[in-house]
1. For segment 149-168, enumerate the residues that are farther than 25 Å from Y11 by Cα and crowded, with 16+ Cβ neighbours inside 10 Å.
2. Take segment 69-123 and flag every residue that is farther than 20 Å from D233 by Cβ and under 24 Å from the mean Cα position of the chain (by Cα).
3. Quick check on R311: is it assigned by TED's automatic domain parsing to the domain that holds R275, in contact (Cβ under 8 Å) with a residue 60 or more places away in the chain, surrounded by fewer than 24 Cβ atoms within 10 Å (Cβ to Cβ) and in contact with a strand residue (DSSP E or B) (Cβ under 9 Å, 6 or more places away or on another chain)?
4. What is the residue count in segment 2-33 for residues that are closer than 16 Å to R84 by Cβ and outside any strand (DSSP E or B)?
5. Would you call P76 surrounded by fewer than 22 Cβ atoms within 10 Å (Cβ to Cβ), in contact (Cβ under 8 Å) with a residue 40 or more places away in the chain and touching an Asp or Glu at 6+ places or on another chain (Cβ under 7 Å)?
6. So, in segment 34-55, exactly how many residues are in contact (Cβ under 8 Å) with a residue 40 or more places away in the chain and part of a loop (DSSP other than H, G, I, E, B)?
7. Looking at segment 11-68 only, could you name the residues that are among the acidic types (D, E), under 18 Å from C195 (Cα atoms) and surrounded by 13 or more Cβ atoms within 10 Å (Cβ to Cβ)?
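The values are calculated or read from the model by the stated rules, or taken from the named source; none is laboratory data. This one's a predicted model, so the numbers in the text were calculated from it and none came from an experiment. Positions of Cβ are generated from backbone atoms using ideal geometry, with glycine treated the same way; all protein chains shown enter the neighbour counts.
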Amino acid sequence: MTERLYLRDPYTIEFEVEILERLETDEGRALVFPRTYFYPESGGQPYDLGSIENIPVTRVIETPEHKVLHFVERFPERELVRCRIDGKRRRDHMQQHSGQHILSAAFVKEAGANTSSFHLGAASSTIDLDRSPLTEEQIALAEEAANDAVRKALPIRSHFVAPADARAFDLRKPAPEAESLRIVEVEGFDNQACCGTHPRSTAEVGPIVVRGSERFKGGTRVEFLCGDRALADYRATVSRIRSLASVLSSAEADLVPTAEKLQEERKTMGKELDRIRRELLLLQVEDWMAESADGKLLVKQVPDAGPAELRAAATALAGKPGRVVLLGSIEGGRAHLVFACSEGVDGDMGALLKAAAPEVDGRGGGSARIAQGGGPRTEGLTAALERAASLAQR
């Protein structure tokens, strides 16, 4: 068993220790020490990184026998080795993990929502709560309660107790079965059995920011940031807002109405552009009939036309007697088909489309006079049109 010194002192990030074992495992070379300050991955918190004799530590895990394995790229030559833990990563994990304890307790107090799982990610962290839905007001109240605990600089203490003595701490969640327990206490706010790294005070956690929430497996998943991550996210957000305000020539306070106005203008311009494209297309359609061998059957691929434009063109062409019009296009990464025929022509456009659509892995339908459809297999468009033409000529 490796003595885990970080449980009592998470601030030491440089230490010397003798190597107890050198192991060749399926996952690589690993060192075992009689004691360590390196944190192994567990409880939703990632492992520490750092170096041993300037050799990078790539992973730290704990075995079922409670040995802590420090994976390295190569074994050091010395037996007494100098170890250095990545202090920035350690500080970050302390902030996020302690922030999770505080935020989880706040959700219990403000929303009656218990945390079922915790994930400390590289960019943000999440907790899964057992209640859904949660209102925006409940989430805001929990966030405010968590930050109030930070502002009060509440002491954070570790207590090592026997399982029978854990009941005295009024734990937020039932303690796991173990010979001994470590209770992390946020004074007057939360008590939780935990083996993670935590600072001495809630003040070191820094601001706690809820970035969003979503329904997840019958409960609610909450994404959050603490401390340095929250500050970095704030700075990045301010930078993006200022850049956007500059691009839009808008005051920061007016960005939302400016964006809404631009969105409406874009929609209006888009509709006008569609109208103009349809009008231009309709000016060309009669010239397409010159491509028809008999002036009655037109088979054509129209570049970059959407389904609405194809339908407008096919309808216009089929408005004159004796015509069968088979149009296709590729737009938006999909193949589109529109088939139409003049009134009085003996043919079923819906049946033609159903026969041709499998060539583009798609489907469609319509009436005997006009039908449309499409599919994602754009390379099959030519074959689809050829199949429809072959059937139309029978």
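1. A166, the sole residue that qualifies.
2. Across segment 69-123, the qualifying residues are H101, S104, F107, A113, N114, T115, S116, S117.
3. Yes, satisfied.
4. The qualifying residues number 9.
5. Taking the combined requirement at face value, the residue satisfies it.
6. Number of matching residues: 8.
7. Initially, segment 11-68 is screened for residues among the acidic types (D, E), giving 14, 16, 18, 21, 24, 26-27, 41, 48, 53, 62, 65.
The next check asks that each one be under 18 Å from C195 (Cα atoms); those that pass are 41, 48, 62, 65.
Answer for segment 11-68, where residues must be among the acidic types (D, E), under 18 Å from C195 (Cα atoms) and surrounded by 13 or more Cβ atoms within 10 Å (Cβ to Cβ): E41, D48, E62.
Here is a yes/no grid of residues against (1) surrounded by 10 or more Cβ atoms within 10 Å (Cβ to Cβ); (2) among the aliphatic types (A, V, I, L, M); (3) within 18 Å of G319 (Cβ to Cβ):
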| site | (1), (2), (3) |
| --- | --- |
| R242 | yes, no, no |
| E260 | yes, no, no |
| L273 | yes, yes, no |
| L282 | yes, yes, yes |
| V285 | yes, yes, yes |
| L297 | yes, yes, yes |
